[in-house]
Amino acid sequence: MKKILGFILLTFAMLVAFNGQAMAGSGTMSVSSAYTFTGTPGDYLLDFSLTNNIPASYNQTLYFWGVDLAQDPNIGSPAGWSRWGSGMEWDNIGYGGSSVQYLNNWYAGSGSAYAVATGNTLSGFTVHSTFLPDSFNFFAYGTGNDYNGADAFNKGWNPGFESNYTGGPANGGSPTVPEPASMFLLGSGLVGLVLKRRKA
């Protein structure tokens, strides 16, 4: 019985640790993204955001980016940005990145006043979707002083970044990882069942 209780407590501790790591996400990445949504099941409008976390000393602004989402071509852009190409796909192979085919891409132009500066987040990159993705790949390019960080695949004045967002919509929806309170209730219930069975 002690072994069963020990196993349950160990499993519970691992779930709590995993949840903490997943919720921490990629907060230290030079470029990050997330999304919110409006609409109803089967007819969502996803609003993606792009955040520039590159240290200010590099004077890097983000001017081109996209998400890997097999849905309708992007339909909305914030001021100063436009859809890149006309249904054109983009990959980063030629610049040292991955072969992921990005279908939803936006462009403000290198040196544009609308590019995302360090410490800023820009939203308004909208895409119609039939579902709420739990995760998505994204890329971004910056321009400015030479950047040679390990997280960039195209180093120098025009660094490229690729990453993955995991966690579902920022404004709710279907969570991908149980909340700590839910895991506490689950763990408490399992311990209670073991103790009840032991008394019987």
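The values are calculated or read from the model by the stated rules, or taken from the named source; none is laboratory data. These numbers were taken from a predicted model, which means no experiment stands behind them. When we count neighbours, we look across all protein chains shown, and the Cβ atoms used for this are built from the backbone with ideal geometry, even at glycine.
Yes/no per residue for (1) buried (at least 19 other Cβ atoms within 10 Å of the Cβ); (2) of a type outside the set (Gly, Ala, Ser); (3) touching a residue at least 60 places away in the same chain (Cβ under 8 Å); (4) not assigned by TED's automatic domain parsing to the domain that holds Ser49:
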residue	(1), (2), (3), (4)
Gly109	no, no, no, no
Ala113	no, no, no, no
Phe125	yes, yes, yes, no
Leu132	no, yes, yes, no
Gly142	yes, no, yes, no
Asp146	no, yes, yes, no
Ala150	no, no, no, no
Gly160	yes, no, yes, no
Ala170	no, no, yes, no
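Being modelled with pLDDT of 95 or more, assigned to a loop (DSSP other than H, G, I, E, B) and not charged (D, E, K, R) is a property that holds for Asn145. Looking at the range 35-113, the strands (runs of 3 or more DSSP E) lying wholly inside it that each contain 3 or more residues that are at pLDDT 95 or above sit at 43-52, 61-68.
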